[in-house]
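A short worksheet on the structure shown next.
What follows is calculated from the coordinates using simple rules that are stated; it is not laboratory data. Here the structure is a predicted model, which is why all the values come from computation and not from measurement. Neighbour counts run over all protein chains shown; Cβ positions are idealised from the backbone, glycine included.
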Amino acid sequence: MNSLALIIFAPLMMSLVQLFFGKRFRHLEKFTTAGGVGLAALLSIRNLASALHGHGAFPLAFSFSWFGFGGLRLGFHADNLAVPMLAMVSFVSLFVHIFSVGYMHGHPRYSRFFSYISFFTFAMLGLVASDNLLFFFICWELMGLCSYLLIGFYFEERTACLAAIKAFLTTRVGDVLFFIGIAALYGATGSLRFEEIARAATGGLIGQKALLFASLCILAGTIGKSAQFPLHGWLPDAMEGPSPVSALIHAATMVAAGIFLIARTAPFFPSAAMYAVIGVGSFTAFFAATMALVNRDFKKILAFSTISQLGYMLAGIGLGATAAGLHHLLSHAFFKALLFLGSGAVLHAVHTRNVDEMGGLAEKMPWTCATMYIGAFSLAGFPFLFSGFYSKDEIIGAALLFAAVSHRHAYLSPGILVAGKILSFLPFLLLLAAAGLTAFYTFRMMILVFHGEPRDRHRWEHAHEQPPTMIVPLVVLAFFSTAAFTFAFREPIETFFGSGTKESAVAAGAEVAHHFAMIASVIVGLGGIALAYAIYFFRKIPADFLMRNPQGRFLYDLFFRLYWTDEIYAGIARGAVALARRFGLFDRRGIDRIVDGTAPPLVSTSRFSGFIDLYVVDFFVNLTGDVTRALGRLARALQTGRIQDYALGAMIAVILLALWIGL
Amino acid sequence: MNLLSLLILIPLLGAAVVLAAPKNAARLVALITSGVALLPLAALLRTFDPSNPDLQLIEVHRWIPQMHIQFLFAVDGLSFLMVVLTGLLSFLCVIASWNISKRPKGYFSLFLLLQASMVGVFVAVDLFAFYVFWELMLLPMYFLIGIWGAPARQDPDGRTRGGPYAAIKFFLYTLVGSLLMLVAILWIWNASGSFDLRQQALLCRTLGLKTQLILWTLFFLAFAVKIPMFPFHTWLPDAHVEAPTAVSVILAGVLLKMGTYGILRINYTLFPRATLATAEVVAAFGVINILYGALCAMAQNDMKRLVAYSSISHMGYVMLGMSAIVLWGSSDRTVIEGILGGVLQMWNHGTITAMLFLLVGVIYDRAHHRDIDRMGGLAVTMPIYTGFVTVAFFASLGLPGLSGFIGEALVLLGTWKTGGLYRFFVLAAAVGIVITAAYHLWLIQRAFLGKEREEMKGFPDASPREIFTLVPLAAIVIWIGIYPAPFLRILYPTLEKIVNSVVLSGAPTP
């Protein structure tokens, strides 16, 4: 038993205690799970600190023979990737716990809620620390379960149930492919451990085709879990869950697990798979941002922004800048958790998610407003003062560098080299554009919620600032959303994640690309913010300028209706159910008819044989009887019982005998 | 100590005592009997040596020596788990049938007779005894479904349904299959002069491929009905829907396993060449079962029918896994994960489906219908019950951390590793996994989530007796999900031996 085991299993223990005994100790239920997660946070931060002093590798692991056959040992370890993640997950989770104490107050399933999020925390910590694909997958699915249970936490509402099912099934599509990827790697290497698979892959023990296939399958898992295109549709709907859940699971941690998976497996991804990673990431970053532009649901805007930011991380890792991707993952975890908890505070006050019914809340909820502003600046990438700026900038820089050095990727034939050159700029352009959109929609949202005239007087008047248990987590997370985070963690992130990611970059070129990218993203970001203020705050530009012409109207519809992807999914689901009904009918009407159909011929055959039996076989049987009886009757006629007849008979017999002898 | 005979004799004796006991004491006698029958099982757990791949605890009892017929009992890792499953489920089912009021003496007596014959099937290594137990099992099952099942009625589309119909369907279907098996058994006896499986194996393995294939098919058809394999499966939904809860549990939990058990015990042992030659066909039928069962399950409105179809789907994994034993394109490189997962899936399906049927029985006792569309909000009405439902359904849909996943995962790992055509089977099965998740979640949503239904308000939560039947199963489901090693250690040596012997004696001789 070492501290790693305690970090992973303390939240689990407390979750189970809460689940089974939570209701018995009503006054304790606030503390049990927060205690478990708090212990995990304390230990993992201590680990982080001592790992920093030990400079890098930190041997903390345990494993056992889980299958009981073969030599395969599976277990958990706290390696360079895991140590900072463990600290982040447990830390954010702790503050979400504290926030929830106030937020969920008075709900009939209060203790169940804490049990679920604590169990979730366990699964995420286990995932981060697992040293093999199987445990990773198990934790991955357990998080899916928690996500399902928590999205459907208000299961009395039909929308919540449907959202929960949608989330589970959509991610399940990715998960199944992910598992096939695991099976492919296991089939090729006989191992499930990341280390051994990477060694086999780099040693050329796995065929290139198999490796590419497995990598793409793993990417499919990420696409499902991290809500990337085309499996992104579940995350906006997942906002039906309580806001702390959105903060913890659907922003800071679980959805980031997909990114973490790519970071874990990137060492053996072939370059073709990496291009797919870049493509999915940068496209989704842009695609999701467009949908956030026009949405009216407070939490859905944040959900789209999460999808978009996850796209950044994915692109970052695909571009070879694993450190940048994970840096963004960590900084995003803090500022997005902050934004979601802030949105929860607002929801708690106004009881609606529709931004059209808000407005002017800044004076009612100053703390919430101020802390959310910090988060918003960080998300929008406001230069220098906020953590999001640094981490996002690194990714955009890496994208520019990728375009600049793309002649290195000139594996294509010379004919399409030019096209390749243009294509290689695409990630940079998409990510840069997305940065501008992000800045715009973030501040559109902030202004609509906090400024201007209250659009719903009644709600506004009942709004109030939240109690300290909910404000303190906001303040703490806000602190870590500023540049303070960057200055405190840049060094460790370089130390832990940076190994081997910079080697391909030409140092001088990298520097130039970075400066250029930084300037570009600052301009785009500030431009987006300025536009948002011009439209919604100062009203210099009418908000419905898009609607004025048909093309604009079409774009608006496209964004607002989420590119009709939901309709497509609904069609697939309906088709599946219709197909199932067909099969069900076929089973009863088709196969069963055949089975039942064997009965009537059997019965008629038996009737026929009964007929034969009665009229043919029995005829002969009866005939025998009849003949016998007739003979008997004849014989009986002879048996007259009169002595004269018998004497006559005897006479005749004697005469006949005599004749026979005599002749 | 003849533990294996005790396992058969105790229920047999109990069945007789039940008949002699007064009417009110029948259930108590049955409970004591199946409880006492757990004692030899506990002793078996201690004496059984999991590291030994061979048949153990061999018992020989003379029966008809003139014809070399004997009771030959033994267990290995494969049958050991099945015997334990039988004992456990029988005990729980007696408790689950506690409230049977219709002719309890007959019911419990037949139930114990059923238990004895099921154990007999799993421990017999003499084909004559195997066949006798196999047929003996039909008799109590027929009456249990026919008399204690739902009363006969007409369907809206004018067809007869109900216990008697289902019982006859089940009986005839199985009987047709087992007659084919009888022909094969007599053929082998004629050729080898023995009913002892081990001696028959010596002869049968020398047979030509054609002969092997014919005999293999005769056995296989008998077992395919029992699994039940598409298209021989339609007796199953009917039998399940009409049977009383405990009988459904036994039917799904134990009887279906006899199909795959028989294939592994007899087809794999006697006809290795035919087994290798037909492996892809069996795997393909397994995949059809997975997909077809899942799709049919999704279409059901009757909760019990849904669970019945899910059984068909889940047994497909067993067939798929146990076919993936040799690397594609090689004749001697074995794959063990698939068959290991398949057999573990037999055990898992036994425990999970038993839970599911018990749970359906709980709600049927209260609502007197199983119509999913007429339920809703049960999570509020019956929270403890819903907790068990969650464990059982998520185990059934293969959630990691619960036992269903381990079996399916090993099957998929092994099948993919086998390569070639099998990779397409994995891809098709993957579609089945998604559908499986869909119909389970859809059921949970329709019946358990949402607002509380007016007519279901005030339903009492699961009673202590019901909880008592569910807890052991839930514990096993979670245990295997978290740490499967103890179970896999029991199976591994036996299955490794089976696979090796199939491959060694089944490879075409140069």
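For chain A, the longest principal axis of the C-alpha atoms and the axis of helix A:110-129 are separated by about 80°.
Translational diffusion coefficient of chain A (Stokes-Einstein, Kirkwood radius from Cα pairs, 10 °C, 1.306 mPa s): 56 µm²/s.
Rg of the Cα atoms in segment B:19-136, relative to 2.2 N^0.38 Å, amounts to 1.18.
Working note: Karplus 6.51/-1.76/1.60 with θ = phi - 60° gives segment A:263-280 the couplings 4, 5, 9, 3, x, 10, 6, x, 5, 4, 5, 5, 4, 4, 4, 4, x, 4 Hz, where Gly and Pro are set to x. Our helix-only sum for chain A, with -39,500 (n - 2.57) per DSSP H run of n ≥ 4 divided by its residues, gives a mean residue ellipticity at 222 nm of -24500 deg cm²/dmol. With the simple model of a label 7 Å out from the Cα in the direction of the Cβ, A:Asn622 to A:Trp564 spans 7.9 nm. Would you mind checking the tilt of helix B:127-148 against the longest principal axis of the Cα atoms of chain B, expressed as 0 to 90 degrees and rounded to 10? On a 0 to 90 degree scale, this one is about 10. The simple spin-label model puts a point 7 Å past each Cα toward its Cβ; for A:Ala543 and B:Leu202 those points are separated by 9.1 nm.
Over all projection directions, the Cα-based convex hull of segment A:204-306 averages an area of 6.4 nm².
Between B:Leu39 and B:Asn99, the C-beta separation translates, for a Förster distance of 22 Å, into a calculated FRET efficiency of about 0.25. Over all other residues within a Cβ to Cβ distance under 14 Å of B:Ile480, the charged ones net out to 0, with Lys and Arg as +1 and Asp and Glu as -1.
The residues neighbouring A:Arg193, those whose beta-carbon lies less than 10 Å from its own, together hold a net charge of -1 under the Lys/Arg +1, Asp/Glu -1 convention. Full extension of the chain segment joining B:Asn190 with B:Asp54 gains 46.3 nm, where the gain is 0.36 nm per residue of separation less the Cα-Cα distance. Counting only DSSP H runs of at least 4 residues, each contributing -39500 (n - 2.57), and dividing by the residue count of chain B, the helix-based mean residue ellipticity at 222 nm comes to -23500 deg cm²/dmol.
The calculated pair-distance distribution of chain B uses every alpha carbon pair, bins of 10 angstrom beginning at 0, and gives 4, 20, 32, 28, 13, 3, 0, 0 percent. Where Lys and Arg each count +1 and Asp and Glu each count -1, what net charge lies around A:His514 among other residues with Cβ under 11 Å from its Cβ? For residues surrounding A:His514, the net value is -3. In segment A:180-243, taking the dipole from charged Cβ atoms about the Cα centre, the farthest positive-side position among A:Trp234, A:Leu219, A:Ala201 is held by A:Ala201. Here A:Arg46 and A:Val475 are evaluated by their C-beta separation; at R0 = 25 Å the FRET efficiency comes out at 0.60.
Computing FRET efficiency as 1/(1 + (r/R0)^6) for A:Phe21 and B:His368, where r is the C-beta to C-beta distance and R0 is 30 Å, gives about 0.30.
The angle separating the long axis of helix B:3-20 from the principal Cα axis of greatest extent in chain B is about 40 degrees. Ranked from largest, the principal axis spans of the Cα set of the protein assembly as shown equal 153, 71, 62 Å.
Take each residue of peptide A:130-138, count the partner chain Cβ atoms within 10 Å of its Cβ, and average: the result is 2.
Selection among A:Ser391, A:Val280, A:His327 by position relative to the dipole of the protein assembly as shown gives A:Val280 as farthest towards the positive end (Cβ unit charges, Cα centre). About its Cα centre, segment A:304-560 has a charge dipole of approximately 420 debye under the convention of +1 per Lys or Arg Cβ and -1 per Asp or Glu Cβ, with nothing else charged.
Look at the dipole of the protein assembly as shown built from charges on Cβ: of A:Thr640, B:Ala277, B:Leu13, the Cα furthest out on the positive end belongs to A:Thr640. Here each label is just a point 7 Å from Cα along the line to Cβ, and for A:Ser606 and B:Asn500 those points are 5.2 nm apart.
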